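Trainee: Mind having a look at this structure? Questions to follow.
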Amino acid sequence: MEINLSSLPDQKYFTMGEASEILAVKDHTLRYWEKVFKEHFSVKRISNRRMFQKEDLIIFLKIKELSERGFNVKAIKKVLEEGELSFNLDVEIIDSLKEVLKILKN
């Protein structure tokens with residue numbers, strides 16, 4: 001999974017609004033992901049405001065991509081915990097299963 005780091009602004013912290021705008025998702029979606037995948041984030045609070053680091057945005061991008069591919073929360077957690085190799089393997093298996101399903105439907 002390739003994440004284009006050059007497209008992220010060069011700053012240390014991002015507010016919820018900035019992160020939402022950069023990732024093109026709503027604030028409530030980020031809050032939900034932060035809650036569900038809390039062990040993967042290092043959210044800092046400054047003046048009672050969530051502040052995300054670039055690493056957090058990268059994780060959000062991974063979650064967003066997996067979510068758009070149809071992965072559920074449990075599958076996304078597995079991918080985040082096991083890393084890239086597991087993700088590639090899972091995608092290959094899913095693609096193979098989709099092909100088998102097409103054949104069976106015909």
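Trainee: Residue check, residue 22 against (1) more than 16 Å from residue 80 (Cβ to Cβ); (2) under 14 Å from the mean Cα position of the chain (by Cα); (3) open to solvent by less than 30 Å² (accessible area, probe 1.4 Å); (4) touching a residue at least 12 places away in the same chain (Cβ under 8 Å), all met but one. Which one?
Mentor: Among (1) more than 16 Å from residue 80 (Cβ to Cβ); (2) under 14 Å from the mean Cα position of the chain (by Cα); (3) open to solvent by less than 30 Å² (accessible area, probe 1.4 Å); (4) touching a residue at least 12 places away in the same chain (Cβ under 8 Å), residue 22 violates only (3).
Trainee: Additional query: Show the residue pairs meeting these rules: Cβ distance below 6 Å; 6+ apart or different chains; first residue within the stretch 31-46 and closer than 18 Å to residue 66 by Cβ; second residue assigned to a strand (DSSP E or B).
Mentor: Here the result reads none, with nothing in the stretch 31-46 linked to a residue that is assigned to a strand (DSSP E or B).
The values are calculated or read from the model by the stated rules, or taken from the named source; none is laboratory data. Values in this document were obtained by computation on a predicted structure and should not be read as measured data. In this analysis, Cβ positions are derived from the backbone assuming ideal geometry, glycine residues included, and neighbour counts consider all displayed protein chains. We work out accessible area using only protein heavy atoms, side chains counted, and drop any ligands, DNA or RNA first. Shrake-Rupley method; radii C 1.70, N 1.55, O 1.52, S 1.80 Å.
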